[in-house]
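Asker: I'd like to ask you about the structure that follows.
The values are calculated or read from the model by the stated rules, or taken from the named source; none is laboratory data. If you're wondering where the values come from, they're calculated on a predicted model, not measured in any experiment. Cβ placement follows ideal geometry from the backbone for every residue including glycine, while neighbour counts extend to all protein chains displayed. The accessibility values were calculated without ligands, DNA or RNA, using every heavy atom of the protein model including side chains. Shrake-Rupley method; radii C 1.70, N 1.55, O 1.52, S 1.80 Å.
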Amino acid sequence: MAELATIARPYAEALYKAQAADLAGTASWLDELAAIAQNAQLLAFSDSPKVTDAQLFDLISGVVKTTLPEAGKNFLRLAIENRRLVAVPEIAKQLRVLKNAQSGTADATVFSAFAIDATALADLSSTLEKRFARKLNLRVEIDASLIGGIRVVVGDEVLDTSVKARLEQMKAALTA
């Protein structure tokens, strides 16, 4: 949603500038807040006129697994007061983009039909880094519908070597 991205950009840039010394730590607690802020029940609760900002802050900070630093608490208070809780996942996404641009890396999601062990993941990482010509931060997700193989998403680029994709290509070739 373009509007949400427009709302999130100034927050992400401000966090990026203010937390330049500890971007990894900031991204970590912000990702955790983003995961919490995606909860539909929490968003419905936050929209209630009977809920105060302090109650919402206490609820969210009570759910966070790690202890929020002072900057994290201030950010959360600001997002709640300005009714921008819905934008927190987009803020986290944009902060990751800024952080990756600074370090010359990119986030990559590897979809696999089966779990990938550490050795295979390290080999896959080096191969993918050569293929995409940049350092990648890999995240693995299991998708049994792939049958076998992997599907890699790096930004807007997709590398699909799954059995499912090959079967679909064969089906298209046979029916053409």
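Asker: Ratio of the chain's C-alpha Rg to 2.2 N^0.38 Å, to two decimals?
Answerer: 1.25
Asker: Kirkwood-based Rg over Rh for the stretch 1-88 (C-alpha set), two decimals?
Answerer: That ratio equals 0.94.
Asker: For VAL140, what residues show an amide H to amide H distance below 5 Å, using hydrogens built from the backbone and excluding near sequence neighbours?
Answerer: Long-range HN contacts for VAL140: VAL110.
Asker: Can you bin the stretch 83-141 into rounded, prolate or oblate? Criterion: square roots of the alpha carbon gyration tensor eigenvalues sorted a ≥ b ≥ c, rounded for a/c under 1.5, prolate for a/b above b/c, oblate for the rest.
Answerer: Oblate, since a/c reaches 1.5 and b/c is not below a/b.
Asker: Once the other residues with Cβ under 13 Å from the Cβ of ARG83 are scored (Lys, Arg +1; Asp, Glu -1), what is the net sum?
Answerer: For residues surrounding ARG83, the net value is -1.
Asker: Antiparallel DSSP bridges in the chain: what percent, to the nearest 5?
Answerer: In the chain, approximately 55 percent of DSSP beta bridges are antiparallel ones.
Asker: When the Cα centres of the stretch 85-107 and the stretch 16-55 are compared, how far apart do they sit, in Å?
Answerer: Result: 14 Å between the Cα centres.
Asker: For a protection proxy built on the mean count of beta-carbon atoms within 10 angstrom, sort 148-154, 54-60 highest first, please.
Answerer: The packing order, highest mean first, is 148-154, 54-60.
Asker: Could you pull the accessible area for ARG139 with a 1.4 Å probe, rounded to 10 Å²?
Answerer: Solvent-accessible area, nearest 10 Å²: 120 Å².
Asker: Considering only the other residues whose Cβ falls under 13 Å of the Cβ of ALA8, what net charge follows from Lys and Arg at +1 and Asp and Glu at -1?
Answerer: In short, +1.
Asker: Where does the charge balance sit around GLU157 when Lys and Arg score +1, Asp and Glu -1, over other residues with C-beta under 11 Å from its C-beta?
Answerer: Its environment carries a net charge of 0.
Asker: A further question on this structure: Could you work out [θ]222 nm for the chain from helices alone, using -39500 (n - 2.57) per DSSP H run of at least four and dividing by all its residues? Round to the nearest 500 deg cm²/dmol.
Answerer: Calculated mean residue ellipticity at 222 nm is -19000 deg cm²/dmol.
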